[in-house]
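Here's the structure, in structure tokens; my notes come after.
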Amino acid sequence: MRVLGIDAGATKTECLLADGQGNILAKGRGSGTNFQLYDEDEIEFVLENLTMRVLAGHRGMVDALCLGIAGAGRERDHRAMRRILNRLGRARENIVTHDALIALVAGAEERF
């Protein structure tokens, strides 16, 4: 199993590729991807290039991609992110959530 985790922020976007045991296989950083500052095409460009760099040398689709982004609770932004991720076609399953949730999970000592 391989997963991509993306923390999409206003000033930077970070992406990690991990295996099923949580080992980091690759990582990368790109520019900001916030819908309050950038349009859908700009965000797609950043995510396309960032995920391409992180996945370089790792063949095939990943099992899941989870993207945490501010504004994911706004239906318009949520739908736009799902459209972008579907067009990129990097993962069998795409998950879009609020950036606060990924921060909470990352800071938790035990997984729920």
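Summary of computed values
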{"item": "In region 47-79, the trypsin sites (Lys or Arg not before Pro) that fall in loop regions by DSSP, at most 15 other Cβ within 10 Å", "result": "ARG59, ARG74"}
{"item": "Listed residues ASP41, ASP77, ASP63, most fluctuating in the chain (Gaussian network, C-alpha, under 10 Å)", "result": "ASP41"}
{"item": "Heavy-atom surface of the chain, accessible at 1.4 Å and reported per residue (Å²)", "result": "60 Å²"}
{"item": "Relative contact order of the chain, pairs being alpha-carbon contacts under 8 Å that are 6 or more residues apart, as %", "result": "25 percent"}
{"item": "Rg over Rh, two decimals, the chain (C-alpha only, Kirkwood Rh)", "result": "0.94"}
{"item": "Lys, Arg +1 and Asp, Glu -1 on Cβ, resulting dipole of region 1-83 about Cα centre, debye, nearest 20", "result": "200 debye"}
{"item": "Value of [θ]222 nm, deg cm²/dmol, for the chain, DSSP H segments ≥ 4, -39500 (n - 2.57) each, nearest 500", "result": "-11000 deg cm²/dmol"}
{"item": "Stretch gain in nm, segment ASN86-VAL105, where the contour uses 0.36 nm per residue and the Cα spacing is subtracted", "result": "4.4 nm"}
{"item": "Alpha-carbon Rg with Dmax, taken over region 21-63, Å", "result": "12.4, 35"}
{"item": "Estimated inter-spin distance, PHE45 and LEU16, nm [label 7 Å along Cα→Cβ]", "result": "2.9 nm"}
{"item": "Accessible carbon and sulfur surface of the chain relative to its total accessible area, %, 1.4 Å", "result": "53 percent"}
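The values are calculated or read from the model by the stated rules, or taken from the named source; none is laboratory data. Quantities reported herein were computed from a predicted structural model and do not represent experimental measurements. Methodologically, a virtual Cβ is constructed for each residue, glycine included, from the backbone with ideal geometry; neighbour enumeration extends over all protein chains shown. With ligands, DNA and RNA removed, areas are computed over all heavy atoms of the protein, side chains included. Shrake-Rupley method; radii C 1.70, N 1.55, O 1.52, S 1.80 Å.
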